[in-house]
Amino acid sequence: MLRGEYILRKAGIFSTHPEAKAVIRAYLEQVCRLFPSQPVWYRFSELEVAEANALAEVDHILPVERNPVIGLRGVRRAVRYPESFGTEIDAILPCLRKYSQLGVIVPFVGDPSEVVFVKTELTRRGVSPPFGMMAEIPAAILRLEDFLKLGVECVLIGMNDLTGLALGIERGKDKACFRHPAMRELISMARAKTTAFGVTLSVAGYIDRPFLRMAADIGVDYAILHYSSLNEIFPEEFPNLPEQHNLRAIKEKTKRMIADFEATRSALTPRAGHMRVTTSD
C-alpha cells in the first residue's frame, strides 16, 4: 500500500502543485513495474490541516484544529474541496488505466456518501479500479454492510485511529491496547461482515507480533506493516534493510516545515496591542 501523503510530504508539495502529478505518477509507475503480479493499493492522501498548510501550493490555508485526529482529514477534505481532490485522481489516472493490479483506498471514511462521492469522481473519469476503504472510525465497522453494498472490495482497519477513537486514548501510543477485548470484538465484527460479502480484511498500524497473532486467530487476511518496522517485528527475516529510516526522515521534514510555516505566519500577523494605525485626510 502506498500512502499518498508521504509521497507529497517528501516532495514538500500539495496535490495542486504543478509538479505533483509527475511526482505521484513516477512513484506509482515504479512500484507497479516492480510488482506486476501483485495487488498495489494507492491510498489517497491523509493530511492533517497543519501538515497540509505547510506544503507548497496547498489549495487552502486553514485554521489548525484543536483535535486534528477528528478534523478535516482524509476523505472529509476531499468532499469539502472536490476540485483539489480531482487533481490527485488525475495524477494517478494514467496508472489506473495502465496497471490492472492498481487499486485505490479511501482514508478516514465515516459515511457511505463519502464512498459514493469518490466512486462518482472515478467513474466521471472513465475508470473503475479495485476499490477499498479504511475502517478507522467505529461507526464504519458497526455499519460496514452499508459500505460493502456499494462495491467496496477491500477493508483495511487502521488500528492507530480505531483504537484511539474506540477506547478514548491517544492514537498509536500503546500497542498493547490493540489487543483490548473491545478491539478484538470490533475486528471480529468486521471479519464476519466482510466474509459474508467475500471481501478481504486487512489490518495496519504500529502493530507488533502479539497483535499479529491475535489478528491471525480472528482470521484477518493481511497485515500491512510499516517498512521501517519490519526488522523490529521480524529481525531474523529482515536484519538489514536499505533506507530504513526514510519514514522518520519524512516525518522530521514535515515537523520542520510546519514550524517554519507557523513562524512565518506569526511574523506576518499583527499582535494585539501592536497594530499599526494610519490616518488619512
Inset, instruction - Report yes if residue 48 is acidic (Asp, Glu) and either open to solvent by less than 50 Å² (accessible area, probe 1.4 Å) or under 17 Å from the mean Cα position of the chain (by Cα) (or both), otherwise no. - result: yes
Inset, instruction - Pick out the one residue from 200, 163 that is among the polar types (S, T, N, Q), touching a residue at least 12 places away in the same chain (Cβ under 8 Å) and over 25 Å from residue 232 (Cβ atoms). - result: 200
Legend entry - Residue match in region 59-71 (condition: crowded, with 19+ Cβ neighbours inside 10 Å, at pLDDT 95 or above, out of contact with any strand residue (DSSP E or B) (no Cβ under 6 Å at 6 or more places or on another chain) and closer than 20 Å to residue 89 by Cα): no
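May I ask you to list the residues in region 31-58 that are closer than 26 Å to residue 160 by Cβ and not aliphatic (A, V, I, L, M)?
Within region 31-58, 35, 38, 39, 41, 42, 43, 44, 45, 46, 48, 51, 53 qualify.
Only one residue in 178, 234, 197, 238 is under 23 Å from the mean Cα position of the chain (by Cα) and aromatic (Phe, Trp, Tyr). Which one?
That would be 178, the only listed residue that is under 23 Å from the mean Cα position of the chain (by Cα) and aromatic (Phe, Trp, Tyr).
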Legend entry - Tabulated pairs, region 249-262, first over 19 Å from residue 228 (Cα atoms), second in a helix (DSSP H, G or I) and of a type in the set (Gly, Ala, Ser), C-beta under 9 angstrom, 6+ apart or interchain: 258/50; 261/50; 262/50
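Of all residues being outside any helix (DSSP H, G or I) and among the charged types (D, E, K, R) in region 216-255, which is surrounded by the fewest Cβ atoms within 10 Å (Cβ to Cβ)? Just the residue, please.
Checking each candidate, the answer is 236.
If you check residue 165 against the conditions, is it within 23 Å of residue 43 (Cα to Cα) and under 19 Å from the mean Cα position of the chain (by Cα)? It would help to see each step written out before you state the result.
Values: within 23 Å of residue 43 (Cα to Cα): yes; under 19 Å from the mean Cα position of the chain (by Cα): yes.
Taking the combined requirement at face value, the residue satisfies it.
The values are calculated or read from the model by the stated rules, or taken from the named source; none is laboratory data. These numbers come from a predicted model, not from an experiment. So basically every Cβ, Gly included, is an ideal-geometry build from the backbone, and we count neighbours across all protein chains shown. Note: accessible area is taken over every heavy atom of the protein model, side chains too, but ligands, DNA and RNA are not part of it. Shrake-Rupley method; radii C 1.70, N 1.55, O 1.52, S 1.80 Å.
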